[in-house]
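Since the structure comes first, as structure tokens, the remarks are kept for the end.
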Amino acid sequence: MGKFIWLCQIRSLLFVLFFLYVVDCCLSLSSSSLNPTPSCLPEDASALLQFKNTMSIVDSAFDSYYYPKTNSWNESTNCCSWEGVTCDKATGQVISLDLSCSMLVGSLSPNTTLFRLRGLKRLDLSLNNFNASSIPSGFNQLVSLTHLNLSGSLLSGSVPSDISLPSKLISLDLSGNDRLKFDSHGFDMLTRNLSKLENLLLGWVNMSDVVPTSFMNLTSSLKCLSLEQCGLQGDFPSEIFHLTFLEHVDLSWNSLTGYLPKSNWSSPLKFFDLSKGQIPDVFGNLNKLTTLDFSYCNFSGQLPPSMFDLTQLTYLDLSPNSLEGPLPTHVTGLRNLKDFSLFNNLLTGGVPSWLFTLPSLESLDLSYNSLTGPINQIQRPNSIQRVNLACNDIHGEIPSSFFGLSRLTQLDLSSNNLSGVIRSDMLSKLESLETLDLSTNNFSGVINLDVPSKLKNLTKVNLSNNNLTSLDLSNNKIQGSIFKWESEGWEQLIDLNLSSNSLTSLGQLPGKDIRVLDLRSNLLQGPLLAPPPSLQEFLISDNKLTGEIPPSICNFTSLDILDLSKNHFGGIIPSCLGNFSGRIRIINLQKNSLSGKIPDFCVESSSLTTLALNDNKLEGLLPRSLVNCTLLRFLNLANNTLNDVFPHRLSLLPYLQVLILRSNRFYVRLDYSMATFGFSSLQILDLSENEFTGPFTKKFFQTLAVYVSYENYKNYVKVTMKRLEIELDLDKSLTDFTLIDFSNNRFSGRIPEAFGELHALLVLNLSHNRLNDTLPPSLANMAALESLDLSSNKLGGRIPSELTKLTFLEVLNLSQNNFFGPIPVGHQFNTFNIDSYAGNLGLCGFPLSKKCGSEEERKPPTPKLVEDEGSAIPFIWELVMMGYGCGVVLGLSTGYIVFTTGRPWWLVRMVERDWQRNFTRWARRIGRKRN
């Protein structure tokens with residue numbers, strides 16, 4: 001029985017829910033039927049379409065936020081659904097037409113069909129292009145019109161008097177049409193007829209004929225009066241400010257005179273912008289005022305105290321005027337103030353701290369006054385973004401609390417009497433700073449922003465006319481030019497670093513006694529200016545400088561480093577450049593368009609350690625005087641058209657570590673007589689892409705004792721190998737890097753056994769020559785080798801199985817030779833793909849598809865890793881991404897622990913082959929080190 005009652009209750013509940021659903025559907029249908037889209041009146045649709053046909057749509061003449069609303073107008077559709085059209089729901093009459101920003105181009109004809117829209121209440125044709133046509137007469141026909149907006153539509157001529165006849169008009173906006181003119185009679189008629197007017201915006205309309213007293217006839221319902229830049233002259237009636245509902249007044253950029261009332265102001269006033277007059281202390285009751293603009297007036301006297309009690313004010317501009325006296329020491333209002341401008345007045349006294357504690361303030365400009373300071377300590381720094389206190393007489397030090405303004409983007413304290421030390425740790429707190437001007441003060445000390453600078457947003461800086469000796473502003477966004485007037489006052493600087501910015505030109509190189517000038521990696525253009533003679537380091541590489549290198553640069557006998565690389569210099573290298581300074585250590589002219597012969601270097605005693613002349617258009621013989629550069633460590637002559645024999649005399653240089661002759665026209669055999677001297681320190685020898693011939697001699701490589709240098713040496717070199725191009729610039733070290741590249745020549749004969757004696761060699765490239773015979777097994781003695789390229793020769797025989805002992809080998813290329821027989825298996829040979837052996841038709845075995853004999857190809861076994869039995873952690877994988885990349889050591893990235901327990905062979909099967917190869921290589925190296 002209980003179960004039956006329960007089922008009945010459930011059925012009743014379902015019935016009620018179904019009933020409610022049906023009722024809801026009926027109500028929805030009824031509601032939709034009560035509010036259909038009204039049907040447009042045929043005469044209104046016709047009038048709109050005829051207006052559309054008088055206009056054109058020009059997309060290119062407008063910005064992206066404009067769009068053609070009339071494109072949706074079609075006679076086959078209800079005009080009440082057209083874009084910009086609103087109809088009365090009962091009568092179907094068009095009551096609102098909004099065609100603002102509609103890309104309309106054309107003239108408003110005197111008989112425009114818009115006047116046939118008799119029910120129209122709102123008309124907005126703003127921000128179109130009416131081709132300087134006149135406003136047509138006929139607005140008296142729009143008897144229901146309440147809002148009319150024709151602003152910014154390139155209208156001209158006189159405003160028709162009948163524009164004031166629609167007696168219901170509430171808002172009239174003709175602003176932004178500077179060719180329109182309101183005559184005195186027409187405006188007087190407007191003020192008398194429009195009794196319901198609330199908004200009158202006529203900015204930029206010519207009203208020079210209008211008598212200001214006619215404004216006394218404006219209706220008391222007025223809320224907004226905007227008359228900026230109207231050419232008004234004479235006394236403006238102060239009675240306007242007594243209007244009961246007035247909220248917005250803009251009389252700026254006129255020639256009005258008169259005075260402001262001292263009482264009975266309109267309390268709803270929110271915006272006030274005036275020109276000419278006095279400032280009475282009448283702001284106590286204006287608690288709704290949000291904007292107060294008295295800029296470019298003739299105001300004088302003290303600042304009214306009640307102005308600083310305004311609680312809703314967001315914008316206050318009193319500049320420039322002749323206001324005087326000090327700023328108040330304490331304020332209770334201005335809690336919502338965002339912009340405060342008092343520049344170019346006669347203010348005196350200190351800089352009160354409350355300016356920097358206003359919670360909403362974003363911009364402060366007190367420049368060009370007579371403030372004496374000091375700047376007071378700031379108790380609770382606000383979020384201000386722009387501060388300009390320039391051209392005052394502020395003295396003392398900048399308080400440390402000032403640098404707590406962390407959101408500051410623009411700071412100008414120039415042309416004051418500020419003093420003290422500006423430390424980099426203080427400036428670095430201003431992480432949002434974009435422009436900084438501390439010029440013409442009495443600051444002292446050293447400013448070093450470090451590299452990379454924390455001021456990553458900095459685009460402009462001026463610190464001239466101080467006592468600074470060192471300035472580092474590298475790696476910022478400083479742009480533009482350094483002109484003569486900007487560099488004046490930098491005479492105290494000794495060290496200036498402006499590298500890695502966006503400077504485009506130099507009117508004058510800054511400083512007279514500067515020693516280090518770094519302008520690398522900018523956008524500098526034009527010819528090279530003569531640097532100050534005091535320079536010791538001149539770095540201006542990676543710019544867009546043109547012209548020739550001026551011979552006057554040889555007058556700087558103190559020069560230690562000269563870097564003009566990566567520019568567009570042409571002409572010859574000045575003959576004096578190699579001997580003008582006994583101190584010069586580094587000359588870098590690479591990657592220009594220099595031509596002619598290389599001048600003599602080191603004719604006399606020299607300290608030259610680095611000479612980079614690669615990637616130019618140099619030709620002829622090498623100067624024999626290079627052998628006198630006894631301290632030379634680095635010589636790069638690649639990518640020129642030099643034509644000479646191998647410079648065997650350079651083997652006398654005891655410190656030479658890098659010799660790059662790539663891509664020239666060097667020729668002759670490397671015979672025994674050229675190899676008797678040693679090259680005892682050589683780490684990189686690149687003779688590729690020349691015309692060397694003959695066989696390699698055993699003695700040559702026995703005397704070429706390549707070893708890993710223990711010394712960090714900064715240099716300029718670019719190494720190119722198969723699938724690898726690496727550039728080592730000035731900031732890279734040569735430690736642990738050794739290479740021999742003889743590729744793309746005409747070497748022939750056997751590969752000498754003596755190659756095996758180069759135990760520290762990392763990269764060997766003998767590709768694209770005419771080498772023949774078999775590979776010497778002694779190559780396996782190059783234990784450190786990581787890249788071996790012997791491709792495109794005539795080598796044959798079997799690949800020595802001893803090569804599997806090269807456990808560091810990462811790149812192997814034996815393609816396009818005549819090798820035959822089985823490919824050795826084991827160690828690194830298990831990781832190479834078929835590209836390493838392409839073009840050797842006689843080879844067989846893994847990884848080739850060709851099997852050796854009838855025996856099934858056996859793929860190399862999956863490598864295993866022997867765990868340390870005594871380790872508390874059963875197993876650790878450290879994946880080391882070797883920066884050698886194909887054999888070149890560029891760096892070592894930090895390893896990371898993957899697993900700490902279990903045997904992770906499932907992961908080896910999941911990863912792709914390249915990762916498996918890296919892991920295997922690592923495992924074997926670690927196993928060898930542990931053993």
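The figures follow:
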| quantity | calculated |
| --- | --- |
| Residue list for region 161-181, filter: open to solvent by 10 Å² or more (accessible area, probe 1.4 Å) and either within 17 Å of T146 (Cα to Cα) or among the polar types (S, T, N, Q) (or both) | S161, D162, L165, S167, K168, I170, S171, D173, S175 |
| Single residue of region 810-838 satisfying the filter (touching a residue at least 40 places away in the same chain (Cβ under 8 Å) and in a loop (DSSP other than H, G, I, E, B)) that is least open to solvent (accessible area, probe 1.4 Å) | T831 |
| Residue in region 296-316 that is modelled with pLDDT under 85, under 26 Å from N254 (Cα atoms) and under 40 Å from the mean Cα position of the chain (by Cα) present | yes |
| Those residues of region 529-538 which are open to solvent by less than 20 Å² (accessible area, probe 1.4 Å) and not in a strand (DSSP E or B), in sequence order | P531, P532, L535 |
| S541 crowded, with 17+ Cβ neighbours inside 10 Å, part of a loop (DSSP other than H, G, I, E, B) and modelled with pLDDT of 90 or more | yes |
| Hits in region 336-372 - residues which are part of a strand (DSSP E or B), open to solvent by 10 Å² or more (accessible area, probe 1.4 Å), of a type outside the set (D, E) and closer than 20 Å to Q410 by Cβ | S341, S363 |
| Positions within region 544-553 being within 15 Å of S505 (Cα to Cα) and either out of contact with any His (no Cβ under 9 Å at 6 or more places or on another chain) or open to solvent by less than 10 Å² (accessible area, probe 1.4 Å) (or both), in sequence order | L545 |
| Number of the exception - S96 against (1) hydroxyl-bearing (S, T, Y); (2) open to solvent by 10 Å² or more (accessible area, probe 1.4 Å); (3) closer than 20 Å to K223 by Cα | (3) |
| Strands (runs of 3 or more DSSP E) wholly inside region 717-762 that include at least 3 residues being out of contact with any helix residue (DSSP H, G or I) (no Cβ under 7 Å at 6 or more places or on another chain) and at pLDDT 50 or above | 739-741, 746-749 |
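The values are calculated or read from the model by the stated rules, or taken from the named source; none is laboratory data. Quick caveat: nothing in here was measured; it's all calculated off a predicted structure. All Cβ positions, even for glycine, are placed from backbone atoms using ideal geometry, and neighbour counts span all protein chains on display. With ligands, DNA and RNA removed, areas are computed over all heavy atoms of the protein, side chains included. Shrake-Rupley method; radii C 1.70, N 1.55, O 1.52, S 1.80 Å.
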